[in-house]
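A.B. asks: This is the structure I have questions about; it appears just below.
All of the numbers you see were taken from the coordinates with simple rules; none came from a lab. Since the model is a prediction, treat every value here as computed from it, not as a measurement. Methodologically, a virtual Cβ is constructed for each residue, glycine included, from the backbone with ideal geometry; neighbour enumeration extends over all protein chains shown.
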Amino acid sequence: MFYNMKADHINISAEVNFIWQSAEILRDTYKQHQYQDIILPFVVLRRIECVLEEKRKEIEKKLKNIKMDDAEKRKFIHNKLITSLGFDNKSKFTFEKLCAEKTSEIKENFKSYLNGFTDNIKMIIEYFGLFKELNKLEKDKLLYPLLKQYSELNLSPQVISNEKMGYIFEELIRRFSEQTGEEAGQHFTPREVIKLMVKLLINDSKIKDGEIKEIYDPACGTGGMLVIAKEFILKEVNPKAKVIVYGQEKQPETWAIGASDMLIKGEESDNIKFGNTLTNDKFPNAKFDFMLSNPPFGVTWKKDKKAILDDASGRFPKDMLPRVSDGATLFLMHMLSKLKNPSDGDSGIAIVFNGSPLFTGDAGSGESNFRKYLLENDLIDAIIALPTDLFYNTGIATYRWIIRNRKEPRRRGKVQLINAVNFYEPMKKSLGNKRKYISDDQIVKIFEIYKEFKESDNSKIFDNEDFGYTKVFLELTDVDENGNPKKETVVKKVNGERKEVTQIVKINDAEYVPLKEDINEYLKREVEKPYKIKKQVVGYEINFTQYFYKYKPLRSQEEVIKEFRDLEEENKKLLKELGLIK
């Protein structure tokens, strides 16, 4: 199971093993990497059916003593289901009833069952790609055994909570990912990582009873960040708050899982949009209270380059665009456009990055200009370095950036860096590249370090300007040991003729001057040769590891010599045992 400390008591093995039996049914018709194309939509359909049946029985029980003809009753129940759940199925079929019909009619009956759903469910089924598989399923006589199997699986909310259903989905997709070599991380961010992000971003928010808070994820996958953030507000901040979630996802199957999961949980499924956020923003004028995301890093945006360069929304300033190989930064640019104006209330972002956005790009580059914008507008609240091997699809180091439109007074003009690379526990069993997890106690400890806002071994506090520098382009005059300018003879065109010309040797160079230092004073101190300033460009970079580096003294000469002698004696002993020397 995808590791979650609080979920140890939730046993999903029986349900997952039962569902996994579908692989045996599909084996001779489908390849391993295709199993999920059938199994996932069948699980979703069965869950939706069980939710509908449970709710329908509840409504029918209340109508028991009310006189209505059948047509009125059906219409009343349908309207109640739409009001309470947001979906319904008007066909006469269920999985169980389909199995009771003639097998020769099962395909048409199943199509009737699918088409009986409301449009929102039909769209989910379509994006799963199930409709196009019907002929193949019927031809190989797979529909009946699949429907029979799932009709015996009770996924009603009374038996399987929403939380448990989420874990079942996760475990299925993890298994599919292992079998096909795909990356589970394309679908899921580890729950403890989300919990830390949510706690850092939301924990101290003051939310009144009945106050509406809107949460957004522009690369929402199956919606895990949105669900956990909402649960956190209602459990830890104010249970009387009204929380609305929004997201966008461009992978069809992933979107289908997320949208169906939201529907089942009573959310507005229409708030989970399908499409490419960078090229087709489905919430163009929206502003949000909280935004969380783990965008795909190390992914090129070459295919989207024209659309992004042509984008007229102002989301992607041309002088701040990252190199084409770094698409993740574009998501933060997009999210910044969704921050509220400070006068309209607090608004914040928690985002996962690799190390690249911290330091990639020299002064004047898009990356440096973007950091300049963030720091000079006092938007970066904190950056937290977390352990390697936390994610399912990569073992690299990652960083949590916390962005706020309005910082608390003591944090204004400053950035807190937290080094939490040693806050982890080893996994009992690796899941892909995930070999470590962060415990609940460690999440609390990291939050306490953030909350205390003090310097320590794990926390450094800087002024925004500390990350800035001026790159000063210099023309140096080369001089000899006596300080006299060196000369050189070169061939140049003079009045159209090539002639030998003697000139003073000039060297192009550049100095990086911290923003807090006077440029002229710095150059006088650091540059020995005569110079002329040609150009100046302000840049910003955050050398995270440098700030937490601890010098380790080299071993003494005696220790090293002794180690070599010991190794030499050991080698001699081994060679004697082998009879190679006497």
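A.B. asks: Grab the beta carbon distance between ASP566 and VAL421, set R0 = 30 Å, and tell me the FRET efficiency rounded to 0.05.
C.D. replies: Numbers: r = 33 Å, r/R0 = 1.11.
Plugging the Cβ-Cβ distance into 1/(1 + (r/R0)^6) gives 0.35.
A.B. asks: Could you work out how much longer the chain between PHE462 and LYS136 gets when fully extended? Use 0.36 nm per residue separation minus the Cα distance between them, nm to one decimal. Mind dumping the intermediate values first?
C.D. replies: Values: separation 326, 0.36 × 326 = 117.36 nm, distance 6.22 nm.
Between PHE462 and LYS136, full extension yields an extra 111.1 nm.
A.B. asks: Taking 51 Å as R0, compute the FRET efficiency from the Cβ-Cβ separation of PHE18 and ASP270 and round it to 0.05. Kindly include the intermediate steps, with their values, before the conclusion.
C.D. replies: Details: r = 32 Å, r/R0 = 0.63.
Given R0 = 51 Å and the Cβ-Cβ separation, E is 0.95.
A.B. asks: If I take R0 = 30 Å and measure r between the Cβ atoms of GLU517 and ARG435 in this structure, what FRET efficiency does the formula 1/(1 + (r/R0)^6) give, to the nearest 0.05?
C.D. replies: According to the calculation, E is roughly 0.10.
A.B. asks: Once fully extended, how much extra length lies between ARG498 and LYS57, figured as 0.36 nm per residue of separation less the alpha-carbon to alpha-carbon distance?
C.D. replies: Numbers: separation 441, 0.36 × 441 = 158.76 nm, distance 9.83 nm.
Working it through step by step, the gained length comes to 148.9 nm.
A.B. asks: Same structure, new question: Please report the antiparallel percentage of DSSP beta bridges with both residues in the stretch 337-419, rounded to the nearest 5.
C.D. replies: On the way: 12 of 16 bridges.
Counting only bridges with both partners in the stretch 337-419, antiparallel ones make up about 75 percent.
A.B. asks: For the residues LEU390, LEU580, LEU26, what sequence is obtained by ranking on other C-beta atoms within 10 Å, fewest first?
C.D. replies: Values: LEU390 24, LEU580 9, LEU26 20.
Lowest to highest Cβ neighbour count: LEU580, LEU26, LEU390.
A.B. asks: Near LYS576, which aspartates and glutamates are there with a Cα under 17 Å away, not counting those fewer than 8 places off in the same chain?
C.D. replies: Straight-distance partners of LYS576: ASP566, GLU568.
A.B. asks: At what distance in nm do the modelled label points of GLU211 and ASN341 sit from each other, each positioned 7 Å from its Cα along Cα→Cβ?
C.D. replies: 2.0 nm
A.B. asks: Turning to a different aspect of this structure: Could you tell me how far the Cα centroid of the stretch 83-151 sits from the Cα centroid of the stretch 20-54, in Å?
C.D. replies: The distance from the Cα centre of the stretch 20-54 to that of the stretch 83-151 comes to 11 Å.
A.B. asks: Sort TYR216, TYR437 so the one with the fewest other Cβ atoms within 10 Å of its own Cβ comes first.
C.D. replies: TYR437, TYR216
A.B. asks: Another one. In nanometres, what is the gap between the two model label sites at HIS78 and SER313, each 7 Å from Cα along Cα-to-Cβ?
C.D. replies: With each label point 7 Å from Cα toward Cβ, the separation is 3.7 nm.
A.B. asks: Hey, fewest Cβ within 10 Å first, where do VAL237, VAL444 land in order? The partial results should precede the final answer.
C.D. replies: Values: VAL237 17, VAL444 13.
Ascending Cβ contact count within 10 Å gives the list VAL444, VAL237.
A.B. asks: While we're on this one: If I model a spin label at THR388 and GLN546 as a point 7 Å from the Cα along the Cα→Cβ vector, what separation in nanometres do I get?
C.D. replies: Output for this residue pair reads 2.1 nm.
A.B. asks: In addition: Can you compute the label reach from GLU528? Point 7 Å from Cα along the Cβ direction, backbone N cut-off under 12 Å, restricted to the stretch 468-511.
C.D. replies: 479-483
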